[in-house]
1. So, in nm, how far is label ARG192 from label TRP28 when the simple model puts each one 7 Å beyond its Cα toward the Cβ?
2. Only Lys, Arg, Asp and Glu count, each charged at its Cβ (+1, +1, -1, -1), so figure out the dipole size of the stretch 146-219 about its Cα centre, rounded to 20 debye.
3. Based on the alpha-carbon gyration tensor of the stretch 3-212 and its eigenvalue square roots a ≥ b ≥ c, which shape applies: rounded if a/c is under 1.5, prolate if not and a/b is larger than b/c, or oblate?
4. What is the distance, in nm, between label points placed 7 Å from the Cα along the Cα-to-Cβ direction at ASP92 and at ASN2?
5. Among ARG32, ARG146, which comes first, then next, by fewest other beta-carbon atoms within 10 Å?
6. In debye to the nearest 20, how big a dipole does the chain give about its Cα centre with +1 on each Lys and Arg Cβ and -1 on each Asp and Glu Cβ?
7. Would you calculate, for the chain, the mean residue ellipticity at 222 nm contributed by helices, counting each DSSP H stretch of 4 or more residues as -39,500 (n - 2.57) and dividing by all residues, to the nearest 500?
8. Provide the gained length on full extension for the span LYS204 to ALA75, in nm with one decimal, where the gain is 0.36 nm per separating residue minus the Cα-Cα distance.
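Rule-based calculations on the coordinates, nothing more; no lab input. The structure presented is a predicted model; accordingly, all values stated were derived computationally and were not measured. All Cβ positions, glycine included, derive from the backbone under ideal geometry; neighbour counts span all protein chains shown.
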Amino acid sequence: MNRKEILSKTEEHVRNKLEGEGSGHDWWHIHRVRNTALKLGEEEQADLFVVELAALLHDIADHKFHDGDEEIGPATARKWLKGLGVNTTVTDQVCDIIRDVSYKGAEVETPMKTIEGNVVQDADRLDAIGAIGIARTFAYGGYKGRELYNPNTPPESHDSFESYKKSTGPTINHFYEKLFLLKDRMNTSSGRKFAEERHKFMEKFVEQFLKEWDGNHEL
Ligand code: NI
């Protein structure tokens, strides 16, 4: 199977699996991450075949939906790529990216091994911030049954992936525990540049949200 066929088969497979998903990890998230990753990958002169495959498969079996199992994503991707006859070098690169890509808490470093990994991680993180990021964060909070906000529950700074995964705080806390931190964790210079505008928009959103929270109106 040639590269074009591998990509189109993978796209079809992921689309069928994630289309209509309601927690913000749907096909359109994959579609955006793929496009952003290809753009960043071009700038960084990354191997675009690896970038595109990893972007397409990065949420194929997310730990968030499998009791925190961090191996299920790479294992599922490996099985799929093996079935398509993709060589081991590419498969290993893609699976490493899928394993390492996730955010794991404010005080946990998440280094990527390759340029391709840097690019896919930046693309995934860009989709977690800005207007899309806000929408996805509240969709996920709703899916998990979380409060929008609770002034009595302060944000936490997680120092392990375990404690981060267990956190049940209100959705607004997620901005302080992850989203506001992403801008300074971009790997690539174009990723950093794209993050600026999205970051400012989120700051404005949270400021306005908190202003409206108490229902007090100043005329
Ligand atoms: Ni993702």
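1. 3.2 nm
2. Result for the stretch 146-219 is approximately 420 debye, rounded to the nearest 20.
3. Prolate, because a/c is 1.5 or more and a/b exceeds b/c.
4. Going from the ASP92 label point to the ASN2 one covers 2.8 nm.
5. ARG32, ARG146
6. Charge dipole, the chain, about its Cα centre: 420 debye, nearest 20.
7. Calculated from helices alone, the mean residue ellipticity at 222 nm is -19000 deg cm²/dmol.
8. 42.5 nm
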